[in-house]
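Novice: Handing you this structure, nothing more for now.
The values are calculated or read from the model by the stated rules, or taken from the named source; none is laboratory data. As the structure is a prediction and not an experimental result, all values here were calculated from the model. Cβ coordinates were reconstructed from backbone atoms using ideal geometry, including for glycine residues, and neighbour counts include every protein chain displayed. Protein only, heavy atoms only, side chains kept; ligands, DNA and RNA dropped before computing areas. Shrake-Rupley method; radii C 1.70, N 1.55, O 1.52, S 1.80 Å.
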Amino acid sequence: MPSYNYLTLHILNALPLHNLNRDDRGMPKSLVQGGANRGMLSSQSLKRAARKVYEDDSHDISLRSAKWLAQEVASRVAALRPELGDDTARKDVVKRANVLIGALTASAEKAEKKKAEAKEGEEVVETKDTSTWLSEDEINQIATTVINDIEAGVATKAAPAPIGQDRTTGSLAIAAFGRMFAAAADRQTVSAVAVSPATTTHPISLVNDYFTTVDDLGAIYDAGNAGAAYLDTAAYTSGVYYRTVTIDRAQLHRSWSKPADDDQAHERVAALVRALIYGVPSGKKQSTGTGGTDMPVLVLAEEQRYRTAYGFDQPIALGKDGGYSGTSIARLYGQRAAALDFDGANFGRATLAGTQGVDGEAARAEATNLSGLIDHVVSWVFHEAIA
């Protein structure tokens, strides 16, 4: 029986008026594909959105920061040992925490070394901060190491608490999306989940919304004032987006230290899969009513021997009754059928769920609801721990 180490989620989202992921000009991100201008949501924005949804639901918290992790460690040390919370003690704790974090990133450690070696009156060039991503448990490990060193009366050595040993982490989000340590390549975590950018299946158009803010006191203190305190325009678009999420099962078991028989392991994987399906960027969500989470039009989960995605190089045409959802779904079904005819051995079990156009026969997949699809993914993840 062939082993399908990869599982790809193919997701179609129909997003109404939005600007969820902006470029440096404040415009919705876009790219040219198949000769047409398409809307785009970057993979980074999608991963960030999924991580936030997952961590809010599961309480499996992680923190990423370029300069405040040592302060967070100091706060946790003070909570455990209140006597280490005054200004003098806190400075020592922050310094010790920076040494431990610097063993991973080098930046904080180099900065402390430069300050120590600087001659009196010499200007010290600040080392650029390096963004570091740690789980709650790892931050607590650093706090415990600092406390133990202080109580033992020894200097904190530039050797971190057991963080990233065997390149693993207890955080499912970190195991999924991976992290680098600039000064400790042997401790970095390889990502187990690949997330593509989301692109519209069809050309897009931009809408410029001209808006004003009203000065409530203008008409009272300035006769003839029209009342506008600020005028500007904001750009929006809409469309049906296609994206993929591929889980590397073997890598997930290598990167995630939580054992498969842990009571919470299955629940956390289910929460992550749900977050990957629902999570979208949140730009201007208060102005448009969409963002943060979005119910997909269609989700297809395929077990695969090799990572496979579909494409919409030829732009989708409007459906007979308008809209792009129906024609996008039909194109996706057609591409899956063609892929199965070309190399059926590449695919294992497939499940399909959605809010419209769910046709298991056309997709050559098992039609189910979202819970059934997530159960399929979770059971596949824990079917066997591949070495």
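Novice: Regarding the stretch 89-100, can at least one residue be identified that is at pLDDT below 65, open to solvent by less than 20 Å² (accessible area, probe 1.4 Å) and outside any loop (DSSP other than H, G, I, E, B)? Don't jump to the end; show me each part of the working.
Specialist: Applying the first criterion (at pLDDT below 65) to the stretch 89-100 yields none.
No, the conditions are met nowhere in the stretch 89-100.
Novice: In the stretch 29-57, which residues are assigned to a helix (DSSP H, G or I), touching a strand residue (DSSP E or B) at 6+ places or on another chain (Cβ under 9 Å) and free of Cβ contacts under 8 Å to residues at least 60 places away in the same chain?
Specialist: Of all residues in the stretch 29-57, those assigned to a helix (DSSP H, G or I) come to 43-57.
Those still in the list that are touching a strand residue (DSSP E or B) at 6+ places or on another chain (Cβ under 9 Å) too: 43-55.
Result: Gln44, single match.
Novice: Can I ask one more? Pick out, from the stretch 175-260, the strands (runs of 3 or more DSSP E) lying fully within it that include 3 or more residues that are farther than 30 Å from Thr132 by Cα and at pLDDT 95 or above. Steps first, answer last, please.
Specialist: Details: elements: 193-195, 198-200, 207-214, 228-248.
Counting at least 3 such residues, we get 228-248.
Novice: Within the stretch 261-282, which residues are part of a helix (DSSP H, G or I) and either among the β-branched types (Val, Ile, Thr) or open to solvent by 10 Å² or more (accessible area, probe 1.4 Å) (or both)? Working first, answer last.
Specialist: Here is the first cut: in the stretch 261-282, the residues part of a helix (DSSP H, G or I) are 265-278.
Selection gives His266, Glu267, Arg268, Val269, Ala270, Ala271, Leu272, Val273, Arg274, Ile277, Tyr278.
Novice: Could you please tell me which pairs satisfy a Cβ distance under 7 Å, a separation of 6+ or placement on different chains, a first residue in the stretch 67-85 that is of a type in the set (Lys, Arg), and a second residue that is not in a loop (DSSP other than H, G, I, E, B)?
Specialist: Arg76/Ile139; Arg76/Asn140; Arg76/Ala143; Arg81/Ile147
Novice: With the stretch 320-387 as the region, which helices (runs of 4 or more DSSP H) entirely inside it contain at least 3 residues that are buried (at least 18 other Cβ atoms within 10 Å of the Cβ) and at negative phi?
Specialist: Values: elements: 325-343, 360-363, 370-381.
Where helices (runs of 4 or more DSSP H) fall fully within the stretch 320-387 and carry at least 3 residues being buried (at least 18 other Cβ atoms within 10 Å of the Cβ) and at negative phi, they are 325-343, 370-381.
Novice: Going by what's in this entry, would Ser238 be described as in contact with a helix residue (DSSP H, G or I) (Cβ under 8 Å, 6 or more places away or on another chain) and buried (at least 16 other Cβ atoms within 10 Å of the Cβ)? Don't jump to the end; show me each part of the working.
Specialist: Details: in contact with a helix residue (DSSP H, G or I) (Cβ under 8 Å, 6 or more places away or on another chain): no; buried (at least 16 other Cβ atoms within 10 Å of the Cβ): yes.
Judged against the criteria, Ser238 is not a match.
Novice: State whether one or more residues within the stretch 346-363 are within 24 Å of Thr199 (Cα to Cα) and among the hydroxyl-bearing types (Ser, Thr, Tyr).
Specialist: Checking the stretch 346-363: at least one residue is within 24 Å of Thr199 (Cα to Cα) and among the hydroxyl-bearing types (Ser, Thr, Tyr).
Novice: Please state which of the following conditions Ala184 fails to meet, knowing it meets all the rest: (1) closer than 23 Å to Trp68 by Cβ; (2) in contact with a strand residue (DSSP E or B) (Cβ under 9 Å, 6 or more places away or on another chain); (3) open to solvent by less than 60 Å² (accessible area, probe 1.4 Å).
Specialist: Going through the list (1) closer than 23 Å to Trp68 by Cβ; (2) in contact with a strand residue (DSSP E or B) (Cβ under 9 Å, 6 or more places away or on another chain); (3) open to solvent by less than 60 Å² (accessible area, probe 1.4 Å), Ala184 breaks only (2).
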